[in-house]
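To start, the structure under review is shown below, and the notes come after it.
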Amino acid sequence: MSRPVLEVHDLRKIYGEGEATVRALDGVSLVVERGDYVAIMGSSGSGKSTLMNILGALDVPSSGTYHLDGVDVSKLADRQLALARNRLIGFIFQAFNLIPRTSAVANVELPLAYAGVKPKERRRRALAALGVVGLADRARHEPNQLSGGQQQRVAVARALVTEPALLLADEPTGNLDSHSTEDVLNVFDQLSTAGRTIVIITHEPEVGARAKRLIRLVDGKIVEDNRQSPLHQPPVGAFAGRHAQ
Amino acid sequence: MSFQEVVRFALRGLSANKLRSSLTMLGILIGVAAVILLVAVGNGSAKAISDRIEALGTNTITVMSAGRGGSTNTALTTEMADALTDESMAPDVKSVSPVVSSSATITYEGTDHDVNSFVGTTPGWFTASNTPVGEGAAFTADDEAQARRVVVLGQTVVEELFPGVDPIDKQVTVGGALFTVVGVLDEKSSTGQNDANDTAVAPMSAVRQVLTGYGALSSILVEAKDPDKVDLVQSEVSTILDQRMTATSSSTSTTSTPYRIQNASQLLETQTATADTFTTLLGAVAAISLLVGGIGITNIMLVTVTERTREIGIRKALGAPRRVILTQFLIEATLLSVIGGALGVAAALIGSSFEIVGVKPVIVPSSVGLALGVSIAIGLFFGGLPASRAARLRPIDALRYE
């Protein structure tokens with residue numbers, strides 16, 4: 001068995017000082033194996049977004065350790081952090097966060113450009129990633145010419161184009177209608193079937209239900225950790241998703 | 001990630017906001033062009049003035065009577081002019097030309113022309129006053145001694161009286177007497193309102209006979225042996241004139257001398273100083289416009305970077321190192337200011353080939369460097385500062401930035 005993709009131990013994040021102190025994370029320990037599909041659920045203010053930002057190396061914890069693919073992220077300098085974000089993590093935001101006035105394919109190419117991939121190879125891989133999310137025919141469109149669901153799928157393509165060890169999604173369906181939600185979740189099911197490691201944050205039960213493992217977060221602590229389907233099999237939603245397509 | 005790639009990102013960033021980019025460049029363009037052009041205009045007018053004064057001759061002084069009319073105690077006489085040639089008292093004087101002048105009407109075959117200054121003088125005047133004869137010849141000392149009625153005409157007079165005709169050896173009528181044209185003066189650069197070419201020069205003895213009579217001289221033109229000795233000559237001349245004139249003038253006035261000395265090099269200095277002030281003034285106005293342009297650049301750079309803080313956050317989240325982001329924004333700022341500045345220099349160079357308010361601008365190279373340098377420095381500093389601030393943010397803070 002290979003080392004876990006993600007391993008956090010006693011993670012704490014404290015905002016503010018004195019009276020106004022808020023413990024967003026209060027001792028979270030978590031191990032995610034390769035190929036797992038984890039959904040983290042919790043109500044607003046449960047600290048799930050804070051956890052996500054720390055896992056995505058976008059924010060730093062107040063204390064605790066974080067190993068990503070065996071690398072201690074908390075000890076990395078700015079340069080290596082940038083490298084880790086680029087090579088190890090694919091981040092999907094609730095607000096899509098595509099670069100405006102830039103075509104879909106150029107958006108997907110961006111992480112490859114920062115990784116130093118040659119333009120030709122970059123274009124080929126970006127188009128392949130867009131194919132995976134079913135948007136190969138929209139490569140030339142700019143974000144404002146795409147629907148929310150399409151924008152989010154472009155963002156997914158951008159996250160997986162570098163073939164990262166870990167796909168992180170922060171409320172990926174939060175801004176989408178039910179139809180687009182279905183589209184995006186189908187993509188996740190497919191990726192999980194293909195063996196990708198996915199961690200997804202959501203407050204929607206139907207999104208959580210399709211993951212292999214469900215974690216509930218309350219007041220910065222893990223209160224429930226359920227395996228819903230076996231680690232090395234396709235997720236439950238995969239078949240439904242296939243048929244729905 | 002290669003530098004070329006970053007440049008491509010920067011270009012894409014600029015072309016994503018074409019209107020804003022071109023307006024920023026326009027601001028820089030106008031600022032830079034204004035500085036260069038206004039300084040060039042100031043410099044050009046200073047040059048024009050000094051050229052004109054140098055054309056008058058820098059190694060001469062002109063002695064004029066300070067009194068009004070022909071009152072005898074302040075009048076300049078030929079005896080005084082002769083006294084100025086005294087070798088022992090005025091060793092640095094090269095030549096002395098007494099001058100009488102009046103306005104006169106010249107007639108040739110029924111055509112009249114009123115000439116402003118009909119000058120009567122000695123042959124030495126032509127070299128001393130830097131007024132060479134183009135066609136024909138000047139009159140000689142013999143002509144002067146014999147009071148021969150010969151005349152050398154200025155270009156304007158020739159154009160008026162002899163259109164398409166060679167004036168040499170023709171006879172013109174001045175004040176009822178016939179004068180033979182022996183030469184034509186070279187064209188002279190004009191000093192503003194007075195047409196320097198509207199003149200005629202004849203032997204002093206002849207002019208006195210025909211026009212002015214034997215009264216006082218209008219002025220005495222004294223030529224120094226060397227341009228550096230003009231001041232020396234001036235003091236020598238004053239000494240002699242003081243001796244000659246005190247006897248008669250002490251009764252009227254002791255405070256002011258009865259004559260005035262005009263010194264071309266002094267005139268040149270005064271005029272140059274005036275022109276320098278003028279250039280400085282124009283330069284200050286232009287500098288203000290550059291400053292305003294600079295504030296415009298600053299503003300747009302700040303807005304651009306602030307507006308794109310979120311984009312910076314996204315790029316960081318996708319794994320862009322700080323250096324790459326900073327480089328991208330610096331290149332964008334540099335391109336804006338360099339292209340704007342270069343276009344400004346080009347506009348100024350094109351503009352300087354035209355005459356502006358009657359002045360041919362002369363570009364001052366240092367103004368080009370200064371204007372370009374200032375605009376680029378402003379662009380880099382105010383583009384780079386907010387960019388480096390944004391690049392240093394944690395990605396999550398940049399993403400949350402509103």
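Proximity of backbone amide H atoms, modeled 1.01 Å from N, is registered between B:S95 and B:E223 at under 5 Å, excluding neighbours fewer than 5 places apart on the same chain.
Charge tally for B:E87 (other residues, Cβ to Cβ under 13 Å; Lys, Arg +1; Asp, Glu -1): -2. Listed by number, the DSSP H helices of chain B that run 15 Å or longer by alpha-carbon position along their axis and have mean Kyte hydropathy of at least 0.0 are B:3-15, B:18-56, B:230-249, B:264-307, B:322-352, B:365-392. Note on A:I14 and B:V285: with the Förster distance fixed at 51 Å, the Cβ-Cβ geometry gives a FRET efficiency of about 0.30. The mean number of Cβ atoms from other chains found within 10 Å of a Cβ in peptide B:309-317 is 6, as a whole number. Projecting the Cα atoms of A:L6, A:V117, A:V199 onto the charge dipole of chain A, computed from C-beta unit charges around the Cα centre, puts A:V117 farthest toward the positive end. For chain A, a Gaussian network of Cα nodes joined below 10 Å ranks A:I222, A:I201, A:I99 by mean-square fluctuation, and the top entry is A:I99. The helix-only estimate of mean residue ellipticity at 222 nm for chain B, built from DSSP H runs of length n ≥ 4 each weighted as -39500 (n - 2.57), is -18000 deg cm²/dmol after division by the residue total.
Bridgeable lysines around A:K118 (alpha carbons under 22 Å apart, same-chain partners fewer than 8 residues away excluded): B:K316. Beyond 23 Å in Cα-Cα separation lie the following of the pairs A:K120/B:K18; A:K75/A:K212; B:K94/B:K170; A:K13/A:K75; A:K13/A:K221: A:K120/B:K18; A:K75/A:K212; B:K94/B:K170. Only beta bridges with both residues in chain B are counted; by DSSP, about 80 percent of them are antiparallel. Tell me the net charge near B:L335. Cut-off is 14 Å between Cβ atoms, B:L335 excluded, with +1 for each Lys or Arg and -1 for each Asp or Glu. The answer is +3. Summarising the strand pairing of the protein assembly as shown, around 70 percent of its internal DSSP beta bridges are antiparallel. Take each residue in B:318-328, count the other chain C-beta atoms within 10 Å of its C-beta, and the mean is 6. Computed on segment B:67-257, with alpha-carbon pairs under 8 angstrom and 6+ residues apart, the relative contact order is 31 percent. As a calculated quantity, the FRET efficiency between B:T334 and B:D228 at R0 = 41 Å, using C-beta atoms, amounts to about 0.20.
If you bin all the Cα-Cα distances of the protein assembly as shown at 10 Å, starting from zero, the percentages per bin are 3, 12, 16, 13, 9, 7, 6, 6, 7, 8, 7, 5, 1, 0.
For B:A147 and B:K47, a Förster radius of 35 Å and the Cβ-Cβ distance give a FRET efficiency of 0.25, rounded to the nearest 0.05. Based on C-alpha pairs under 8 angstrom that are at least 6 apart in sequence, chain B has a relative contact order of 31 percent.
Peptide packing: for B:44-51, B:154-161, the average count of neighbouring Cβ atoms within 10 Å per residue gives the ranking B:154-161, B:44-51, highest mean first. With 0.36 nm allotted per residue and the present C-alpha distance subtracted, the B:A16-B:E187 stretch has 55.6 nm of extension available.
Loop sites by DSSP among the chymotrypsin sites (Phe, Trp or Tyr not before Pro) of chain B, restricted to those with at most 13 other Cβ atoms within 10 angstrom, leave B:1-213 as the longest stretch without any of them. In whole Å, how far is the Cα centre of segment B:211-227 from that of segment A:12-85? Spelled out, the Cα-based centre of one part sits 100 Å from the other. Can you give me the C-alpha center-to-center distance between segment B:1-48 and segment B:313-389, rounded to a whole angstrom? When both Cα centres are located, 5 Å separates them.
Per residue of chain A, the DSSP helices (runs of n ≥ 4 H) give a summed -39500 (n - 2.57) that works out to -10500 deg cm²/dmol at 222 nm. Largest GNM mean-square fluctuation among B:V181, B:V230, B:V165, using chain B with Cα springs under 10 Å: B:V165. Karplus-derived 3J(HN,Hα) values for segment B:134-146, using 6.51 cos²θ - 1.76 cosθ + 1.60 with θ = phi - 60°, are x, 9, x, 9, 6, 6, 9, 5, 5, 4, 5, 5, 8 Hz; glycine and proline are entered as x. Of the residues A:P111, A:P234, A:P205, the one that moves most in a GNM of chain A with alpha-carbon contacts below 10 Å is A:P205.
Coordinate-derived values only; no laboratory data. All of these numbers come straight from a predicted model, not from anything done at the bench. Every residue, glycine among them, receives a Cβ derived from its backbone with ideal geometry; neighbour counts consider all protein chains shown.
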